[in-house]
1. Please find, among 314, 287, 297, the residue that is modelled with pLDDT of 95 or more and over 15 Å from residue 125 (Cβ atoms).
2. Looking only at segment 168-191, count every residue that is outside any helix (DSSP H, G or I), more than 8 Å from the ligand (Cβ to nearest atom) and touching a residue at least 24 places away in the same chain (Cβ under 8 Å) and tell me the total.
3. Might you check whether a residue that is surrounded by 19 or more Cβ atoms within 10 Å (Cβ to Cβ), on the phi > 0 side of the Ramachandran plot, away from the ligand (no atom under 16 Å from the Cβ) and in contact (Cβ under 8 Å) with a residue 12 or more places away in the chain occurs anywhere in segment 75-89?
4. Give the residues of segment 126-142 that are surrounded by 24 or more Cβ atoms within 10 Å (Cβ to Cβ) and touching a residue at least 60 places away in the same chain (Cβ under 8 Å), sorted by residue number.
5. Just to be sure, is residue 294 over 30 Å from residue 44 (Cα atoms) and surrounded by fewer than 21 Cβ atoms within 10 Å (Cβ to Cβ)?
6. Since residue 68 meets every condition but one in (1) surrounded by fewer than 19 Cβ atoms within 10 Å (Cβ to Cβ); (2) part of a strand (DSSP E or B), which condition does it not meet?
7. Is it the case that some residue within segment 77-86 is touching a helix residue (DSSP H, G or I) at 6+ places or on another chain (Cβ under 7 Å), over 16 Å from residue 8 (Cα atoms) and outside any strand (DSSP E or B)?
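The values are calculated or read from the model by the stated rules, or taken from the named source; none is laboratory data. All of these numbers come straight from a predicted model, not from anything done at the bench. Quick reminder, even Gly has a Cβ in these numbers, built from the backbone with ideal geometry, and neighbours come from all protein chains shown.
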Ligand SMILES: [Zn+2]
């Protein structure tokens, strides 16, 4: 049996899988906001310990654990720097060594979106295809390209579809450049636009729905609720995001002639199939070969994709002979 941990900006998911890759135990806990990397690493260990307990197995008997993390990953050095929106995490932190010491078992490290796409390739929506694009639609927009059933790594950072340009000289992206997909369709950018419109006096229920749920941010659940209430501003901003997604995905599909698109991430999974279909429709005007458009499918492993995918990192380690 082995462990897998998915480190997210708001929560940590851990699983223990058996030798047939079935989930035997799982645990979830919030990502600590205080205490910096040491507190986060302790929580990662606690989550896996809890998952092992729920699987009825002693942690020390696990073959090892994989960790999917946001930020700049150096799998060789076992470090994570600039970990997404985790507080006080800029410098490279030796996560593999620190977590290995906490757990007492070998630890392998990978990119969070990458390992989730590996899980979809092996067990989820990507299974029938030789090639597909995995697109993580959440606070930001991440992605990974699978070619011949293997994730294409490039120099190590391939798949950044969030920074495909959808409008020259367009909106400022969180990355500092202009006109990127993420500047139109990332949840953070959509929220900034909504706050601006709200301040200007545009009517919307987005913020009262947010408060009613005790949230400080426009979460995927808040956007989904606003769409159910047919909120005009929410509809306008989501439509704008869908159009931008359609253009960016179609451009990638034109280059690589992909068989399918797998949609995941907080907004992707929350909005689900109806929106996957709208994205597919938004792609059509931009597809060079529009007689056989690739289907847009919703990821099948949901919240556990990252943690299950992280368990596969141990295979890669073995394959690399480390
Ligand atoms: Zn960008």
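1. So the residue among 314, 287, 297 that is modelled with pLDDT of 95 or more and over 15 Å from residue 125 (Cβ atoms) is 287.
2. 1
3. Yes, there is a match, as at least one residue in segment 75-89 is surrounded by 19 or more Cβ atoms within 10 Å (Cβ to Cβ), on the phi > 0 side of the Ramachandran plot, away from the ligand (no atom under 16 Å from the Cβ) and in contact (Cβ under 8 Å) with a residue 12 or more places away in the chain.
4. Of everything in segment 126-142, those that are surrounded by 24 or more Cβ atoms within 10 Å (Cβ to Cβ) and touching a residue at least 60 places away in the same chain (Cβ under 8 Å) turn out to be 126, 132, 133, 134, 135, 136, 137, 139, 141, 142.
5. Judged against the criteria, residue 294 is not a match.
6. (1)
7. Yes.
Residue-wise test of (1) under 30 Å from residue 200 (Cα atoms); (2) surrounded by 19 or more Cβ atoms within 10 Å (Cβ to Cβ).
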| site | (1), (2) |
| --- | --- |
| 248 | yes, yes |
| 272 | no, no |
| 290 | no, no |
| 311 | no, yes |
